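Nothing in this text is a laboratory measurement; each read-out follows from the coordinates by a stated rule. Note that the structure is predicted; figures quoted are calculated from it, not measured. Every residue, glycine as well, gets a Cβ built from its backbone with ideal geometry; the counts of neighbours run over all protein chains shown.
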Amino acid sequence: MKVWREEWRQALRHLAAARFFLPESLAGESLLAEAELNSYLHHTEFGLALEVLEFMGKANTGHAEEALFWSEMALAAQDIGLYSASSQYDARARALLHASPGT
């Protein structure tokens with residue numbers, strides 16, 4: 001049985017939450033990417049899963065939960081030690097929050 005470090009469990013939670021905040025019906029090649037994402041998650045290849053989710057996020061923009069998606073991506077990247085990516089995702093989430101009407 002695989003030993004799950006706390007960082008891995010947290011990363012999995014944030015990656016799953018990020019997918020949740022994408023539209024249910026995905027655009028374009030995102031459907032193929034989702035199968036790839038699930039495979040990476042099941043094999044604890046979280047860096048690759050993060051890359052696939054980033055692709056999916058960029059292909060599915062303009063939805064109400066987009067800022068939440070990028071926030072979860074930032075947390076996942078931080079959990080797996082990809083601090084530069086985490087900063088980029090966090091900046092994207094903040095920009096979306098500031099651009100939202102009514103904020």
If I model a spin label as a point 7 Å beyond the Cα along the Cα-Cβ vector, how far apart are those points for residue 2 and residue 34 in nm? 2.2
Please work out how much length the chain gains when fully extended from residue 97 to residue 84, using 0.36 nm per residue of separation minus the C-alpha to C-alpha distance, in nm with one decimal. 2.7 nm
For a quick protection proxy, order the peptides 52-60, 71-79 by their average other-Cβ count within 10 Å, most packed first. 71-79, 52-60
Out of (1) 16.8; (2) 13.7; (3) 15.5, which label holds the value of Kirkwood radius over Cα pairs in Å that was computed here? (2)
With +1 on each Lys and Arg Cβ and -1 on each Asp and Glu Cβ, how big is the dipole of the chain about its Cα centre, in debye rounded to the nearest 20? 200
Skipping prolines and chain starts, which residues have an amide H placed within reach, meaning under 5 Å, of the one on residue 44, given they are 5 or more residues away or on another chain? none
